[in-house]
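Just below is one structure, and these are the notes that go with it.
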Amino acid sequence: QVQLVESGGGLVQAGDSLRLSCAASGRSFSMFTMGWFRQVPGKEREFVATIRWNSGRTYYADSVKGRFTISRDNAKNTVYLQMNSLKPEDTAVYYCAAGSGMPISDYTRYDYWGQGTQVTVSS
């Protein structure tokens, strides 16, 4: 059974940092693309960042480029999202996802999802 479990969310002030973790289990993800998305109520799920598990190649949304860093730890089967210089507009539920092939920013092409973790940035 595939599981993606996010952790690390919380309430911070603008300018602070947080690191989200996504622990993956249940199958090999070596040929998968791992992504982070976020969503606020009433809006569509938004692409944040993605990483190819085998190559480590990364992609970022323009809104987070230069502030967020996605990485993975093969030994721990865990993907991270380091978020620096957080802004109130980064407030959302953050989801980890896994997709075969190269789904990149298209959330409909991801196969597995975590339950989400809330990030709230106060001004």
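Taking amide H atoms as placed 1.01 Å from N in the peptide plane, the amide H of R45 has no partner under 5 Å among residues 5 or more positions away or on other chains.
Computed extension length for M102-L11: 29.5 nm, one decimal, from 0.36 nm per residue of separation with the Cα-Cα distance subtracted. Once backbone amide H atoms are built at 1.01 Å from N, F68 has N84 as its partners under 5 Å, excluding neighbours fewer than 5 places away on the same chain. Using a Förster distance of 41 Å, how high is the FRET efficiency between D111 and S85, based on the Cβ-Cβ distance and rounded to 0.05? Plugging the Cβ-Cβ distance into 1/(1 + (r/R0)^6) gives 0.85.
Calculated accessible area for the chain comes out at 50 Å² per residue, all protein chains present (probe 1.4 Å; ligands, DNA, RNA ignored). Packing here is the average count of other Cβ atoms within 10 Å per residue, and on that basis the peptides 49-55, 25-31, highest first, run 49-55, 25-31. For the chain, averaging the sequence separation of C-alpha pairs within contact (under 8 Å, six or more residues apart) and dividing by the residue count gives a relative contact order of 36 percent.
Rolling a 1.4 angstrom probe over the range 36-116 with all protein chains present gives an accessible area of which 45% lies on carbon and sulfur atoms.
Identify the residues of the range 71-86 with backbone N under 18 Å of a label point that sits 7 angstrom from the Cα of S25 along the Cα-to-Cβ direction, or state none. Counting backbone N atoms under 18 Å from the label point, the list is 73-80.
Using the Karplus relation 6.51 cos²θ - 1.76 cosθ + 1.60 with θ = phi - 60°, the per-residue 3J(HN,Hα) values for the range 18-33 come to 9, 10, 8, 10, 9, 8, 9, 8, x, 6, 7, 10, 4, 9, 9, 9 Hz, with x marking Gly and Pro.
The values are calculated or read from the model by the stated rules, or taken from the named source; none is laboratory data. As the structure is a computational prediction, the values presented were derived from the model and not from experiment. Glycine gets a Cβ as well: all are built from the backbone with ideal geometry, and neighbour counts include every protein chain shown. These accessible areas exclude ligands, DNA and RNA; they are computed on the full protein's heavy atoms, side chains included. Shrake-Rupley method; radii C 1.70, N 1.55, O 1.52, S 1.80 Å.
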